[in-house]
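Peer 1: Handing you a structure now.
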Amino acid sequence: MTESDSAAQQPGQDGDGGAPVSGGAPSRRAVLGWGGAGFAIGAAAAGGAVASFGGGSDMVSAAAAGAAVPFHGEHQAGIASAVQDRLHFAAFDVKTKDRGELVELLKEWTVAARLMTAGLPVGDGGFGGLPEAPPDDTGEALGLKASRLTLTIGFGPGLFAKGRFGLEGKRPEALVDLELFPGDNLDPARSGGDLCVQACADDPQVAVHAIRQLARIGFGRTAMRWSQLGFGKTSSTTPDEQTPRNMMGFKDGTRNISGTDRAALDKHVWVGAGDGSDWLTGGSYLVARRIRMNIETWDRTPLQEQEDIFGRDKGEGAPVGKSKERDEPFLKAMKPEAHVRLAHPDTNNGATILRRGYSFTDGTDGLGRLDAGLFFLAYQRDIRKGFVPIQRNLARSDVLNEYIQHVGSAVFAVPPGVRDKDDWWGRTLFG
Amino acid sequence: MRPARLTAIAAATVAAALTAVTGCSQKSAAGGDDVIKVAASDSACEVSRTEFPSGKVQIDVENKGSKVTEVYVLFPDARIVTERENIGPGTKASITAEIKAGDYEIVCKPGMKGDGIAQKVKATGKGGEEKRSPEMDAAVSAYRGYVVTQAEETLPKAQAFADAVKAGDVEAAKKLYAPSRIGWERTEPVAESFGDIDPKVDVREDGLEAGQDLEKDWTGWHRLEKALWVDGKITDREKQLADTLIADLTDWQKKVGQAEITPTSIANGAKELLDEVATGKVTGEEERYSHTDLVDFKANVEGAQQAYELLKPIAVKNDPELVKQLDTQFAALTVLLDKYRADKTTYEFTSYDKVGEPERKELSDGVNALAEPLSKLAAAVTK
């Protein structure tokens, strides 16, 4: 699932670039407000070059890239908010058996996340404390701007297991354990997890720092299970502005749900009040898949075949038979097993997801092959109606499968946003 | 073993050395009238004066008893200021030392065994040691006792191992190898603070520097480990190295009593023991030929726990939450390690090459869970 056409609707336009929007995407006013509150936006705000998140621009100026994205809101930031360039995604096992300890950890994490997303160090900072003790903050992000860091938490199925934290009655039905799809070659060491944190930022050091701090705070109560670094976003939540390319060289994200399209977000991404799990209202579900690409064989594939596999041309990104990237695809003109055709909502009874994936390259494997591909992240209102039908269709028939393999997999229920300074990650579930 | 790294305890030694240099500017108060006379017998240790001016001090000892004795001047934390061994019955000995203002003990040990007979004394004047609380002194004193005991108990075990090597008995030597290391592993940061001993007894093959010769310069336990497990035979060279190991360990035993130990160095030493586990044992690098890593692992954790328990009375006042966390995590790691031995009274652990990746991950998680809060112990003691 590396292409884009799972959004049913054209990206919506609010017609007001500065208006506050859902999904934690701040308005210009909100961003400036943070500056006024004393947070370290620094030169970005002072220079007036603040990212116009609300307007749906991914083309963030260098100065604006240092800005802070508000941590508080109805929804967690990092889902519908503008996609940053870098990712560090981490999945944790919960080691403590004590519910109170887990709650305490979530509160501590929230405090740290609130500070780090504002560009501030955690605890007593990175230096100046007792010489005999290690500093509270590891320090590698000192002096760096907030870099639009967002931290987004998710709860895995294991958390709801019977006899663990008394949450068995609260597992949402839509948080399904994924079936094994044909062709899956899942590594347990890169799959699952009781908790996840998605850290996105414009500066990779800021994202890595954030995960490192949370892992450190968690030691004893959580243990890092696996993590993934990502670069080069492969889909945007502002698809009217820019379409990035994936590692196969194709534009990816052309028809993604726009972060400003409230109607589409409410319909396909945010869990609604009547959906069955009240604690999750305003939240979402996340599917994470590590998709390895057979880079070398793909690169030896003739251009025509590459374009047939996707159902779009490589240069412009236009669907078969059309001339512009954003032209409405005519699915029947594509090969029956073309990726775009199989992934399209029209082929999947309207199934639509919000994608937020990143390219990854973890060096080279023992055979000298690039260990690279797509770290696929998809948010949806119901996994059974979002990722599952689409992936069933793709796993069965997609000609792209010759060049990709799903090697890691995890699902999470993503709680609603942290409302204010007294609120914490998971309050609606544990509180 | 970590070459070229300044351990917490070594760092403390450096700090103390600097203090000593500053102290040198003080005027010496030594003189004929200032001599302290110690009359030692089999049941008494009489000192002619319990207060004396700080600076250069002379102590004249007369052994009036029937046993060979030794006399120590100790800091309140039991660190040795100066000592004189082997004072025979009816003989005299003179000891001089630079003593800063503060409280001390003069101890006679008739028969050179046991705790001895102690007299409290005081050196008066300026430039005294920084005042430590009695609790801190008690912790340091007890920890010093622990490291000394560990060294003393290690030597016979190391000797048994060396004897088996010298007898050419590969199988017996293999059995005695890991137990001979336990005392060392429990107190490694202190041992490492004597920079020269650690590389001699505990260096691994890859720890040698460029220009060093594997045949000539590689000595100690791991050199013998490789001979026993990889080569499976003992040559004259190994027999010779067994003697060298004992000589180096004897040197260690002599020095441990004088190590500069502070409450924070104990705390950070405990954390360093966990670092040893995290970097060397969990990966299986330390005992790469014998795969007895879990024995070292256990010993490192025991040493860290001993250090922690001694500091606990101080830490619990400053950070009760941390103490709770550490109690939990020490217990959890102990339970986890016990999965790898059938009998908790022995140190026979599962061979580490039989421990799978998921289990190693579990052990690593356990170490992280303990080491992170343990890194906060020094602060909790210092507050």
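Peer 1: Just from its helices, what would the mean residue ellipticity at 222 nm be for chain B, if runs of 4 or more DSSP H residues each count -39500 (n - 2.57) and the sum is divided by every residue, rounded to the nearest 500 deg cm²/dmol?
Peer 2: Calculated at 222 nm, the ellipticity per residue is -15500 deg cm²/dmol.
Peer 1: So, one more: Would you pull out the residues with amide H under 5 Å of A:I257's amide H, same chain only if 5 or more places away, H placed 1.01 Å from N?
Peer 2: A:R355
Peer 1: Okay, next question. Enumerate by residue number the trypsin sites (Lys or Arg not before Pro) in region A:326-431 meeting two conditions: DSSP loop (anything except H, G, I, E, B), and at most 12 other Cβ atoms within 10 Å of the site's Cβ.
Peer 2: A:K421
Peer 1: Could you derive backbone 3J(HN,Hα) for region A:282-298 from the dihedral phi with the Karplus parameters 6.51, -1.76 and 1.60 (θ = phi - 60°), listing whole Hz in sequence and x where the residue is Gly or Pro?
Peer 2: Going residue by residue, I get x, x, 7, 10, 10, 10, 10, 9, 8, 10, 7, 9, 7, 3, 5, 6, 4 Hz, with x marking Gly and Pro.
Peer 1: In percent, how large is the relative contact order of region A:284-431, given Cα pairs closer than 8 Å and 6 or more residues apart?
Peer 2: 37 percent
Peer 1: For B:T350, put the label point 7 Å out on the Cα→Cβ axis and report which residues of region B:315-342 keep their amide N under 11 Å from it.
Peer 2: Output list for this probe position: B:337-342.
Peer 1: Kindly put A:I211, A:I79 in sequence by how many other C-beta atoms sit within 10 Å of each C-beta, fewest to most.
Peer 2: In order of increasing Cβ crowding within 10 Å: A:I211, A:I79.
Peer 1: Continuing with this model, one more query. Whats the longest run of chain B with zero GluC sites (Glu not before Pro) that are DSSP loop and have at most 14 other Cβ atoms within 10 Å? Before the final figure, lay out the partial values.
Peer 2: Numbers: sites that count: B:E130, B:E209, B:E285.
Answer - B:1-129.
Peer 1: Along the positive direction of the dipole of region B:162-302 (beta-carbon charges: Lys, Arg +1; Asp, Glu -1; about the Cα centre), which of B:A270, B:A247, B:F194 reaches farthest?
Peer 2: Comparing the listed Cα positions along the dipole, B:A247 ranks first.
Peer 1: Which of A:T117, A:T110 comes first, and how do the rest follow, when ranked by fewest Cβ neighbours within 10 Å?
Peer 2: In order of increasing Cβ crowding within 10 Å: A:T110, A:T117.
Peer 1: Run the quick spin-label model on B:K383 and B:E359: label points 7 Å from Cα toward the beta carbon, then report their separation in nm to one decimal.
Peer 2: About 3.9 nm separates the two model spin labels.
Peer 1: How large is the charge dipole for the protein assembly as shown, taken about the Cα centre, if only the Cβ atoms of Lys, Arg (+1) and Asp, Glu (-1) carry charge, to the nearest 20 debye?
Peer 2: Its charge dipole is roughly 1320 debye.
Peer 1: Also: Any of A:K97/B:K174; B:K56/B:K216; B:K122/B:K324; A:K421/B:K376; B:K64/B:K255 with alpha carbons more than 32 Å apart? Name them for me.
Peer 2: A:K97/B:K174; B:K56/B:K216; B:K122/B:K324
Peer 1: Using 1/(1 + (r/R0)^6) with R0 = 41 angstrom and r between the beta carbons of A:R300 and B:T279, what's the FRET efficiency to the nearest 0.05? Write out the running numbers ahead of the final one.
Peer 2: Working: r = 43 Å, r/R0 = 1.04.
Efficiency for this residue pair is about 0.45.
Peer 1: So which trypsin sites (Lys or Arg not before Pro) in region A:86-186 pass both tests, a DSSP loop state and at most 12 other Cβ atoms within 10 Å of the Cβ?
Peer 2: Values: sites: A:R86, A:K95, A:K97, A:R99, A:K107, A:R114, A:K145, A:R148, A:K162, A:R164, A:K170; in loops: A:K95, A:K97, A:K145, A:R148, A:K162, A:R164.
Of the trypsin sites (Lys or Arg not before Pro), the ones in loops of region A:86-186 whose Cβ has at most 12 other Cβ atoms within 10 Å are A:K97, A:K162.
Peer 1: For region B:279-352 and region A:87-157, what is the centre-to-centre distance using only Cα atoms, to the nearest Å?
Peer 2: Distance between centres, Cα-based: 27 Å.
Peer 1: OK, next. For region A:153-223, what is the relative contact order in percent, using Cα pairs closer than 8 Å and at least 6 residues apart in sequence? Mind dumping the intermediate values first?
Peer 2: Details: 44 pairs, mean separation 23.3, N = 71.
With pairs under 8 Å counted, the relative contact order is 33 percent.
Peer 1: Right, another one. What whole-number distance in Å separates the alpha-carbon centres of region A:277-317 and region B:85-138?
Peer 2: 76 Å
Peer 1: Please report, largest first and rounded to whole Å, the three semi-axes of the ellipsoid equivalent to the protein assembly as shown, where each semi-axis is the square root of five times an eigenvalue of the C-alpha gyration tensor.
Peer 2: 65, 31, 22
Peer 1: Going through region A:96-155, which GluC sites (Glu not before Pro) have at most 16 other Cβ atoms within 10 Å and a DSSP loop state?
Peer 2: A:E140
Peer 1: So, one more: Relative contact order for chain B: what percent, with Cα pairs under 8 Å and sequence separation of 6 or more?
Peer 2: Rounded, it is 16 percent for chain B.
Peer 1: Regarding chain B, what are the three Cα extents along the principal axes, ordered largest first, in Å?
Peer 2: Principal-axis extents of chain B (Cα, largest first): 70, 54, 42 Å.
Bear in mind that the values in this text are calculations on the coordinates, not laboratory data. Quick caveat, the model's predicted, so the values are computed rather than measured. Note: ideal-geometry Cβ built from the backbone for every residue, glycine included; neighbour counts use all protein chains shown.
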